[in-house]
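These notes concern the structure reproduced below.
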Amino acid sequence: MSTPTFANRSIDRRDFLKFSALAGGGLVLGFYLKSAGSAFAAEVVKPATGADFKPNAFIRIAPDGVVTLVSKQPEIGQGIKTSLPMIIAEELEVNWKDVVIVQGDLDAAYGGQSAGGSRSTPNNYNEFHKLGATARTMLVEAAAQTWGVPATECRAASSAVHHAATKRTLGYGELVAKAATLPVPPTADVQLKDPKDYKLLGTRIGGVDNPKIVTGQPLFGLDTKLPGMLYAVYEKCPVFGGKVVSANTDQIKALPGVKDAFIIEGTSNLSGLMPGVAIVADSTWTAFSARKQLKVTWDEGKTANDSWDAFTAKATELSKQPGTATVRKDGDVTAALATAAKTIEAAYSYPFISHASIEPQNCTAVFKDGGFEIWAPSQNPGGAQGAIVSQFGVAKEKVLVHLTRSGGGFGRRLSQDYVVEVAAIAQKLNGAPVKLTWTREDDLRHDQYRAGGFHFLKGGVDTAGKVVAWQNHFVTFGSISAGRGNDTTMALRPGSGAGLDGDQFPSRFLANCLTEQTVMECGIPMGPWRAPGNNVFSFVMQGFIDELAHAGGRDPLELRLELLSQKSGGNYDAARMIAVVKLVAEKAGWNPKKFPRGQGQGIAFHFSHQGYIAQVAEVTVSKEGQVKVDRFVCVCDVGAQIVNLSGAENQVQGSIVDGIGAAMFQELNLERGRITQGNFNEYPMLRMPDAPAQIEVHFLSTNNPTTGLGEPAIPPVAPALCNAIFAACGKRIRQFPLSRTDLRWS
Amino acid sequence: MAKFTLQVNGQSRSVDVAPDTPLLWVLRDSLELVGTKFGCGVGMCGACTLHLNGVPTRGCMTPVSTVGRKQVTTIEGLSADGSHPLQKAWCELDVAQCGYCQAGQIMTAAALLKENPKPGDQDIDDAMAGNLCRCATYLRIRAGIKLAAAHGGGK
Ligand code: FES
Ligand code: FES
């Protein structure tokens with residue numbers, strides 16, 4: 001075993017600036033990226049000397065040969081801080097051990113910096129190749145000029161340029177001074193590497209922060225500490241959006257160690273600055289303790305009588321009528337159902353759940369001279385800046401955002417509620433830095449939740465077991481809100497991640513297919529949760545396909561392949577899906593008949609975030625109804641190139657265990673307008689004993705753009721699991737969590 | 001407020017805090033040892049796991065007034081230079097995703113290996129059941145413990 005190497009380590013920004021200032025004469029390649037749109041053509045910055053160092057640079061090479069690369073995307077556990085720099089390093093022909101990674105702050109020069117929608121890789125993949133290749137081209141040119149030979153005779157490898165004919169070599173560090181004087185070549189003149197020559201991409205590279213993680217060094221938002229920093233908590237109404245009528249802030253202010261306590265009026269924006277009471281103290285614990293004495297009278301507002309049970313009853317009522325909106329309609333479902341050899345009906349549902357990222361929401365801020373500086377564990381630093389700009393009416397230039405590592409994201413940190421809260425507190429303190437820490441109870445009770453939902457399905461098969469009709473009435477949650485983009489009309493619309501579009505398989509693949517939607521108005525904040533929408537829609541669709549396979553006496557794999565071969569549409573490439581489905585069946589040894597009763601195999605596939613994923617689950621269900629997941633096999637087609645094999649496999653394995661955990665255990669309840677659960681004792685999450693013994697991950701490389709892996713592997717997990725449970729014991733799961741279905745068998 | 005002198009990672013450290021302050025917050029806010037993490041505050045996630053006289057303990061559930069002369073070991077003090085077999089195994093296998101839970105995982109695993117240098121699958125699952133990993137890196141944690149055990153992690 002090797003000792004954790006600090007050679008390819010990450011350094012913090014302060015170190016980086018220090019280091020940069022010391023390393024005079026370094027080659028800085030700066031590339032202004034157009035922040036609008038994903039195709040950011042590089043505009044070129046003049047070559048700079050050490051004195052001219054600009055923080056918009058991605059690449060810096062020092063005379064000692066150390067290569068510093070900026071990671072611009074937020075690191076939330078998806079591994080981007082390692083994988084994107086690997087792309088530059090590959091093209092740059094630099095030894096990975098010579099590379100130092102620095103986390104970039106929010107900076108328009110880096111282009112988009114939001115980590116959402118599994119877009120970090122596809123949005124940056126091509127440009128990062130060009131960044132590295134451009135630098136390599138200049139270093140080769142510098143060597144050629146030094147030797148007086150044609151650049152075509154020179155070759156870059158292992159952090160050096162080589163001239164084979166004369167057996168000469170110059171290390172990158174030695175070429176820095178010369179390269180810094182050269183013009184940056186136009187992108188068209190830069191040759192990218194042939195993928196067959198890749199040395200780094202597709203290999204297993206450990207996360208650049210690993211040495212710090214395993215030794216407990218400060219990295220995360222909650223680890224932020226500034227001189228003179230104060231510590232804050234923020235109490236909000238347990239009913240979302242409730243307003244403060246009064247609070248005993250005078251009494252709180254008199255407590256030892258408490259520096260201030262005040263009411264923040266807030267707004268009605270459920271993902272923005274909600275009303276509440278802030279307590280500021282000299283330590284986290286002092287603030288937590290003072291909060292126990294806090295007494296607030298709330299105006300709970302009009303949702304204070306809402307409950308999950310009432311919504312469930314209402315959804316059942318609504319299911320008896322047609323949906324209020326037709327999402328997509330192909331053919332004539334009613335006629336097809338009437339003539340089908342066999343029809344079935346089923347109701348699927350799932351509850352609201354929390355992101356429950358292990359690091360509770362937190363943020364640190366200081367307000368000084370009319371401007372904000374914040375240290376944010378955020379997936380969306382540009383959004384954080386924008387939220388502060390619109391909430392406090394300051395200019396964009398007056399909001400500096402530093403990015404910290406995040407203890408999990410899963411979509412939670414795309415929202416800015418905790419950011420504007422600390423900004424409001426900092427503004428009141430006017431000058432003192434302050435860190436806001438949410439408790440786990442705050443986090444579970446004030447999430448931007450994965451929406452619950454209800455699906456009422458009807459399907460029909462012909463005498464051959466072929467699916468001839470499919471109808472889904474989706475009853476979902478939403479609020480009166482503006483539409484997307486320029487659509488400012490206020491209407492009752494589904495919440496974030498709670499709308500079904502007409503693209504969900506098997507829509508578009510069937511001649512007679514109807515998708516309807518009805519929205520129930522609620523006051524619950526909703527937000528993107530890892531593969532929004534898809535993470536539950538796949539459970540419904542792939543579960544009901546299984547039901548139709550059994551109704552028609554068909555093998556679930558064979559029926560799926562038949563459905564995929566019927567036709568396809570939009571951006572759904574059925575051929576790619578067929579390939580991963582066939583491969584997963586082969587890798588798993590698909591043969592559901594071979595299992596004794598009590599054991600079973602289930603299959604599911606799903607397309608989302610440009611990824612084509614198929615999975616087979618194998619489970620054991622005891623006679624007492626206990627489920628044990630024995631094995632998962634997964635095949636992913638996310639395009640041509642896996643960037644970091646270690647990180648990619650970790651994402652897929654994590655997605656599978658996450659998907660199992662969400663299906664098995666997770667459930668929030670709403671009573672009297674509030675979430676009843678407060679901590680992990682009431683909100684069970686999957687622990688090691690419930691993780692499968694074996695998860696096999698295969699990547700199918702196809703000639704398609706390289707895309708992201710943070711999300712697409714999660715949607716097929718729950719249906720593969722539930723289909724395997726049905727195969728094992730004949731009990732169909734149509735409701736999450738699993739504990740709501742009696743799985744005992746005899 | 002009251003003064004306490006703690007033995008942390010082999011050093012004597014003095015703090016002046018409320019007696020009911022959990023050791024977790026003393027470490028994080030007063031001693032600037034932030035490797036021990038806050039995840040739940042109620043003993044349910046294990047992110048705050050540290051050793052008291054070698055026994056894995058929840059920092060969030062341990063009032064500073066109860067620590068006395070007991071030796072406190074945090075992730076920062078597990079080894080001088082990140083060379084504990086578990087730390088090396090974690091890097092070699094690239095266990096972490098977000099990494100937030102991993103200090104707690106490693107501290108729990110270190111105590112397990114001390115007691116049981118060659119744990120079986122069931123021993124590992126049992127010992128680690130109190131530590132949540134929201135990113136669900138459980139398979140690599142299991143593998144990391146086995147790798148460290150193979151390299152004498154119990155010593
Ligand atoms: S913070 Fe102590 S167990 Fe969760
Ligand atoms: S690595 Fe993120 S919680 Fe464990």
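Quote the Stokes-Einstein diffusion coefficient, in whole µm² s⁻¹, for the protein assembly as shown, based on the Kirkwood radius over alpha carbon pairs, a temperature of 37 °C and a viscosity of 0.692 mPa s. The Stokes-Einstein estimate is 114 µm²/s.
Sites listed here are trypsin sites (Lys or Arg not before Pro) in segment A:251-323 whose DSSP assignment is loop and whose Cβ has at most 16 other Cβ atoms within 10 Å: A:Lys295, A:Lys302, A:Lys320. The lysines within cross-link reach of A:Lys368, meaning a Cα-to-Cα straight distance under 25 Å and a gap of 8 or more places when in the same chain, are A:Lys18, A:Lys54, A:Lys225, A:Lys253, A:Lys259, A:Lys396, A:Lys398, A:Lys428, A:Lys435. If both residues of a DSSP beta bridge must be in chain A, then about 75% of such bridges are antiparallel. A DSSP coil position with no more than 12 other Cβ atoms inside 10 Å describes none of the chymotrypsin sites (Phe, Trp or Tyr not before Pro) in segment A:322-384. Normalised by residue number, the volume inside the convex hull of the Cα atoms of segment A:442-564 is 124 Å³ per residue. Largest to smallest in accessible area, the residues B:Thr74, A:Thr146, B:Thr57 fall in the order A:Thr146, B:Thr57, B:Thr74 (1.4 Å probe, all protein chains included). Helical content of chain B, expressed as a calculated mean residue ellipticity at 222 nm, amounts to -8500 deg cm²/dmol (DSSP H runs of 4 or more residues, -39,500 (n - 2.57) each, divided by residue number, nearest 500). Local charge for A:Gly331 was computed over the other residues whose Cβ lies under 13 Å away, with Lys and Arg +1 and Asp and Glu -1, and equals +2. Remark: segment A:547-556, residue by residue, has Karplus-estimated 3J(HN,Hα) of 5, 5, 4, 5, 4, x, x, 10, 5, x Hz, where x stands for each Gly or Pro and the curve is 6.51 cos²θ - 1.76 cosθ + 1.60 at θ = phi - 60°. For segment B:1-110, the list of GluC sites (Glu not before Pro) that fall in a loop by DSSP and count at most 12 other C-beta atoms within 10 angstrom reads B:Glu32.
The share of Cα pairs per 10 Å bin across segment B:2-78, counted from zero up to the longest distance, runs 22, 61, 16 percent. Adding -39500 (n - 2.57) for every DSSP H run of four residues or longer, then dividing by how many residues chain A holds, sets the calculated 222 nm ellipticity at -8500 deg cm²/dmol. Take B:Asn116 and B:Ala143, extend 7 Å from each Cα along the Cα→Cβ direction, and tell me the distance between the two endpoints in nm. The modelled label-to-label distance comes out at 2.2 nm.
Averaging over all projection directions, the Cα-based convex hull of segment B:85-150 occupies 3.7 nm² in the image plane.
Legend: calculated FRET efficiency, A:Arg204 to A:Glu624, from the Cβ-Cβ distance at R0 = 35 Å, rounded to 0.05, equals 0.30.
The aspartates and glutamates whose alpha-carbon is closer than 15 Å to the alpha-carbon of B:Lys88, local same-chain residues fewer than 8 away aside, are A:Asp209, B:Glu76. The Cα atoms of segment A:212-254 give a gyration tensor whose axes a ≥ b ≥ c have a/c of 1.5 or more with a/b no greater than b/c, which makes the shape oblate. Work out, step by step, the length gained on full extension between A:Ala177 and A:Gln321: first 0.36 nm times the residue separation, then minus their alpha carbon distance; give nm to one decimal. Between A:Ala177 and A:Gln321, full extension yields an extra 44.4 nm. In angstrom, the C-alpha Rg and Dmax of segment B:37-155 are 13.3, 39. The simple Förster model, with R0 at 60 Å and r as the Cβ-Cβ distance, assigns A:Ala464 and B:Asp16 a FRET efficiency of 0.15. Between A:Ser246 and A:Glu586, full extension at 0.36 nm per residue minus the direct alpha carbon distance yields a gain of 115.9 nm.
Full extension of the chain between A:Ser390 and A:Asp282 yields a length gain of 35.9 nm, computed as 0.36 nm times the residue separation minus the alpha carbon distance. Between A:Ile480 and A:Ala151, the FRET efficiency from the beta-carbon distance, with R0 = 56 Å, is close to 0.30.
For the chain pair A and B, the buried solvent-accessible surface (1.4 Å probe, both sides summed) amounts to about 5000 Å².
The values are calculated or read from the model by the stated rules, or taken from the named source; none is laboratory data. A quick note: this is a predicted structure, and the numbers were derived from the prediction, not measured. With ideal geometry, Cβ positions are generated from the backbone for all residues, glycine too; neighbour counts draw on all protein chains shown. Each accessible area value is taken on the protein alone, full model and side chains, heavy atoms only, with ligands, DNA and RNA left out. Shrake-Rupley method; radii C 1.70, N 1.55, O 1.52, S 1.80 Å.
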